[in-house]
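One structure below.
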Amino acid sequence: FGSGYSSLNMLKEMPLDILKMDLKFLDGGEDVEKSHNILGTLINLAHSLKLKVVVEGVETKEQVDFLRTTGNDYAQGYYYSRPVDSETYAEMIKGQ
């Protein structure tokens, strides 16, 4: 949700259990507080619909810290890892 094909209407039309949002759709503005309020509100909306939330595009510790304050369920992005092939991923998991 946030880039490409997305619509709030789809939240009631599709049988969803997870909502994936692109953090980048809030970037580029001067009003960071407004952006944070929008993202927090969307996360609350998803949770009220019994959806888990994945925010993608997380690149900085500041973004991780903010997402922890929102009740966001999952995050993905370069902050955690660059994309890797399945063999590399399997090795990463073994090391956990």
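At 1.4 Å probe size, with no ligands or nucleic acids counted, give the accessible surface of Asp22 in Å², nearest ten.
The value for Asp22 is about 20 Å².
Can you list residues whose amide H is under 5 Å from Val53's amide H, if they're 5+ apart or on another chain and H is modeled 1.01 Å from N?
Amide H neighbours of Val53: Leu19, Asp73, Tyr74.
Explain nothing, just the number: dipole magnitude of region 52-96 about its Cα centre with +1 on each Lys and Arg Cβ and -1 on each Asp and Glu Cβ, in debye rounded to the nearest 20.
140 debye
Just subtract the alpha-carbon distance of Glu91 and Tyr74 from 0.36 nm times their residue separation and send over the number in nm, one decimal.
Residue separation times 0.36 nm, minus the Cα-Cα distance, leaves 4.0 nm.
Using +1 at the Cβ of each Lys and Arg and -1 at the Cβ of each Asp and Glu in the chain, identify which of Gln63, Met10, Gly95 lies farthest towards the dipole's positive end.
The one lying farthest along the dipole's positive direction is Met10.
Please enumerate, by chain and number, the lysines with C-alpha under 18 Å from the C-alpha of Lys61, excluding those fewer than 8 residues away in the same chain.
Cross-link targets: Lys24.
If you plug each phi of region 83-96 into the Karplus form 6.51 cos²θ - 1.76 cosθ + 1.60 with θ = phi - 60°, what whole-Hz ³J(HN,Hα) values come out, in order, with x for Gly and Pro?
So the Karplus estimates, Gly and Pro as x, are x, 10, 6, 5, 5, 5, 4, 4, 5, 4, 5, 4, x, 7 Hz.
Relative to 2.2 N^0.38 Å, what does the C-alpha radius of gyration of the chain come to as a ratio? Two decimals please.
1.18
Could you give me the ³J(HN,Hα) list for region 17-23, computed from phi with Karplus coefficients 6.51, -1.76, 1.60 and θ = phi - 60°, whole Hz, x at Gly and Pro?
10, 9, 10, 9, 10, 8, 4
Which residue fluctuates the most in the chain, going by a Gaussian network model with Cα springs under 10 Å, if the choices are Glu56, Glu33, Glu13?
Ranking Glu56, Glu33, Glu13 by mean-square fluctuation puts Glu13 first.
Please give the length that would be gained between Met14 and Glu59 if that part of the chain were fully extended, namely 0.36 nm times their separation in residues minus their C-alpha to C-alpha distance (nm, one decimal).
13.3 nm
What whole-number distance in Å separates the alpha-carbon centres of region 6-24 and region 58-80?
About 19 Å separates the Cα centre of region 6-24 from the one of region 58-80.
The values are calculated or read from the model by the stated rules, or taken from the named source; none is laboratory data. These numbers come from a predicted model, not from an experiment. Every residue, glycine among them, receives a Cβ derived from its backbone with ideal geometry; neighbour counts consider all protein chains shown. The protein model used for the area step is the full one, side chains on, heavy atoms only, and it has no ligands, DNA or RNA in it. Shrake-Rupley method; radii C 1.70, N 1.55, O 1.52, S 1.80 Å.
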